[in-house]
Amino acid sequence: MMTVREFRASFGDERQCGEQLSRQRWPEGFACPRCGGPSRGYMEARQVHECAQCGYQGSVTAGTIFHKTRTPLSSWFWALYRMSQDKKGIAAMQLAKEIGVSYPTAWLMLHKIRKAMRDRDQRYRLSGLVEVDEGYVGGEEHGPGRRGRGQAGVRTKSVVAVAVERRSPGPADPKPVPGFAALEVIPDAATATLEKFLTGHVRPGSHILSDGWHGYRRLREQGLGHTATAISQQDEPAHRLFPWVHITLSNLKRFLLGTHHKVERKHLANYVAEFNYRLNRRRMESDLMSRLLRACIAAQTITYKQLISAPELA
Ligand SMILES: [Zn+2]
């Protein structure tokens, strides 16, 4: 955990934030991309290093989510701090108040950070024993009813697929513990959709544990081991057979309701990515802020226009 005092000491003003970005981007010190010359100094008003030899100006924000922002870097870093220090994240309204920007500005900042989190997690693949299930998130509190599994019933609810590694801590302690998780908003629970989700998030050769839903019946053809256990409500409720996916789903719902109250369906995937990012790093609290900063530096930015025109389930 980083205290507010520690945050202020490292990221208190524009110069410090620019220098933090510089250090991440040029660990050996700024070298001019045109002539290789050193920096004449960091110009905080323009967020550039000027080359001492040729005068070229190298931006510290180019190619990151902070590029072309009019919001001070110290406000951005505060948003990263709030997103990384609290497992509930932060609502746009609250961030707007804390850094003195409009609600739309805060909203867009948080979505840019979520995009960086999403980009980061897309590289990771689960392995070993993996529990999988789907759940219904958002919208009104009535389930898919009799319209069949994965139909999302009324169009207000979305289907989220959840896969969680089931790990054994060791032979002395046979009680399994949850490992990494992958969550994704999916259009339905059809066979092709679930196969795409699993092959995208789980390494070949892993072993999937699911209920008897026919959407999982062809997993062996996808290079995955598979054990299906039929659920009979009386003696083996699903939450006992697949504890981690069920705990994860209920924590996701609590996060969405608790912090954000109402999440627009088209942006749900980004909130799910945020939840997923922190969940997988819950034991890395002490350096989550610098990890998140690295993710934001590695991610291309996204504009408001791109965000609102993003396909619903991309
Ligand atoms: Zn130069």
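For this structure, a couple of remarks:
- Low-density loop positions, chymotrypsin sites (Phe, Trp or Tyr not before Pro), region 49-85 - DSSP coil, at most 16 other Cβ in 10 Å: 56
- Per-residue packing, averaged as other Cβ atoms within 10 Å, sorts the ranges 107-113, 250-256, 196-202 into the order 107-113, 196-202, 250-256, beginning with the highest.
- Heavy atoms of the protein chains alone define the surface here; on that basis region 1-146 has 52 Å² accessible area per residue at 1.4 Å probe size.
- Estimated FRET transfer efficiency when R0 is 30 angstrom, pair residue 221-residue 286 (beta carbons, to 0.05): 0.10
- DSSP beta bridges in the chain [antiparallel fraction, %, rounded to 5]: 75 percent
- 29 Å Cα-Cα reach of residue 112 towards lysines, excluding residues that sit fewer than 8 places from it in its own chain: 68, 87, 88, 97, 157, 196, 253, 262, 266, 305
- Neighbour cut-off at most 11 other Cβ (10 Å), DSSP loop, GluC sites (Glu not before Pro), region 259-289: none
- Shown here for region 13-42: GluC sites (Glu not before Pro) in loop regions (DSSP other than H, G, I, E, B) with at most 13 other Cβ atoms within 10 Å, namely 28.
- Carbon/sulfur fraction of accessible area - the chain, other protein chains in place, 1.4 Å, %: 52 percent
- Between residue 240 and residue 93, the modelled labels are 4.2 nm apart [label points 7 Å from Cα along Cα→Cβ].
- Over the chain, Cα pairs under 8 Å with separation of 6+ residues give a relative contact order of 20 percent.
- Listed by chain and number, the aspartates and glutamates whose alpha-carbon sits under 15 Å from that of residue 115, ignoring those within fewer than 8 places in the same chain, are 184, 274, 312.
The values are calculated or read from the model by the stated rules, or taken from the named source; none is laboratory data. Everything quoted here is computed from the prediction, not taken from an experiment. Please note: Cβ atoms are built from the backbone with ideal geometry, for glycine as well, and neighbour counts cover all protein chains shown. The area values use the complete protein model at the heavy-atom level, side chains included, leaving out ligands, DNA and RNA. Shrake-Rupley method; radii C 1.70, N 1.55, O 1.52, S 1.80 Å.
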